[in-house]
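Colleague: Take this structure, written in structure tokens, and hold onto it; I'll ask about it next.
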Amino acid sequence: MPAYSSYILCTSPRSGSTLLCKLLSATGVAGHPRSYFHEPSLTAWSEGVGVAAASDEPEAEFRRRIFAAALEKGTGGTGLFGLRLQRHSFDFFMKQLACLHPDAPSDLARLEAVFGNTLFIHLTRTDKVEQAVSFVRAEQSGLWHRAPDGTELERLSEPREAHYDAAEIRACYERFTRFESDWQAWFESQYISPLRITYDALSATPQATLRLVLQHLGLKEAAADGVVPGVAKLADAISADWVSRFRVDLDVRLT
């Protein structure tokens, strides 16, 4: 039996969360983690989990049905719910939980009232310059994820030529740095000691990282056998050039 009812990947964009979600889902025992509560909109949430608003339905009931449907989808019959929670989605998400459980004494209490005993996994990318460059290139080119065989997995716009933009990279760098601080402050405020995983470790040893997560969840590590990454790295020589230029242009020094 798993040690937890659920787990939440606490992260930010371009930190390897799609890779980890796909690995966990492929085990067949760790639910189907996705960003079920991504956009700050109950309507967007409902569309994502296949819930239609009933005529004259109170918002409280609509909200409850959305969470119930997300739990079902994120569990996928495995008995364990998985959720990816991006930091920019956090505030609206917690407001909805507060509406569901207004008498709960803390964020953690509200989360566990809905999701049960929860493992928090902090997936972070230490090099915020590389993270910012990855995000800017994805936004500019429209390509967000590619499979190991080179085929496109996720494209959000028509192909466009990417170009170096120091101001745009800096804005992303500062935003991701702030997200990191915000996550850490929240963990401390809720007395949470998350399982910490880095992008570097995940990308270098994906199966070992998967085994680590399964171990912490109280699941058999053998479930990772035969599971292979379903996402390829997009970083290339252009990415490396942008990273180098940005460090020089803006005198960014990572510690």
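Colleague: Leaving out ligands, DNA and RNA, what percent of the accessible area of the chain is carbon and sulfur, probe 1.4 Å?
Modeller: 51 percent
Colleague: Related question: In terms of modelled amide H atoms, which long-range or inter-chain residues lie less than 5 Å from the amide H of residue 196?
Modeller: Answer set, sorted by chain and number: 122.
Colleague: Now for a different question. Please turn the phi angles of segment 167-178 into ³J(HN,Hα) values with the Karplus equation 6.51 cos²θ - 1.76 cosθ + 1.60 (θ = phi - 60°), one per residue in order, whole Hz, x for glycine and proline.
Modeller: 5, 5, 5, 5, 4, 5, 4, 5, 5, 5, 5, 5
Colleague: How would you order 55-66, 90-101, 19-30, 200-211 from highest to lowest mean count of nearby Cβ atoms within 10 Å?
Modeller: 19-30, 200-211, 90-101, 55-66
Colleague: For segment 75-86, in order, what is each residue's ³J(HN,Hα) by Karplus, 6.51 cos²θ - 1.76 cosθ + 1.60 with θ = phi - 60°, in whole Hz (x at glycine and Pro)?
Modeller: Once rounded to whole Hz, the list reads 8, x, x, 8, x, 9, 8, x, 9, 9, 10, 6.
Colleague: A follow-up question, please. Over segment 108-213, what is the relative contact order in percent, taking alpha-carbon pairs closer than 8 angstrom and at least six residues apart?
Modeller: Rounded, it is 36 percent for segment 108-213.
Colleague: For residue 233, give me every one of the lysines with a C-alpha distance below 17 angstrom, ignoring sequence neighbours fewer than eight places off in its own chain.
Modeller: 22, 128
Colleague: Measure nothing but the geometry: give the 0 to 90° angle between the long axis through the Cα atoms of 206-217 and the longest principal axis through the Cα atoms of the chain, rounded to 10°.
Modeller: 30 degrees
Colleague: Next up: Spin-label point model (7 Å from Cα, Cβ direction): what's the residue 151 to residue 55 distance in nm?
Modeller: It works out to 4.4 nm between the two label points.
Colleague: Once each part is reduced to its C-alpha centroid, what is the distance from segment 132-146 to segment 200-247 in angstrom?
Modeller: That distance is 18 Å.
Colleague: Then there's this: For the chain, what is the calculated [θ] at 222 nm in deg cm²/dmol (nearest 500), taking -39500 (n - 2.57) for each run of four or more DSSP H residues and dividing by its residue count?
Modeller: Mean residue ellipticity at 222 nm (helix-derived): -15500 deg cm²/dmol.
Colleague: For the charge dipole of segment 153-255, defined by +1 on Lys and Arg C-beta atoms and -1 on Asp and Glu C-beta atoms about the Cα centroid, which residue among 199, 162, 209 has the Cα displaced farthest towards the positive pole?
Modeller: 209
Colleague: For helix 237-250, what angle does its Cα long axis make with the longest principal axis of the chain, in degrees from 0 to 90 and rounded to 10?
Modeller: Helix 237-250 sits roughly 80 degrees off the main axis of the chain.
Colleague: Which far-off residues, 5 or more places away or on another chain, put their amide H under 5 Å from the one on residue 145, with H placed in the peptide plane?
Modeller: Residues meeting the amide H criterion: 153, 154.
Colleague: Can you compute 3J(HN,Hα) from phi for each residue in segment 134-144, using the Karplus curve 6.51 cos²θ - 1.76 cosθ + 1.60 with θ = phi - 60°, rounded to whole Hz and x for Gly and Pro?
Modeller: 4, 5, 5, 4, 5, 5, 5, 7, x, 9, 9
The values are calculated or read from the model by the stated rules, or taken from the named source; none is laboratory data. Here the structure is a predicted model, which is why all the values come from computation and not from measurement. Here the Cβ is made from the backbone with ideal geometry for all residues, glycine too, and neighbour counts use every protein chain on show. Ligands, DNA and RNA are excluded from the accessible area calculation, which covers all protein heavy atoms including side chains. Shrake-Rupley method; radii C 1.70, N 1.55, O 1.52, S 1.80 Å.
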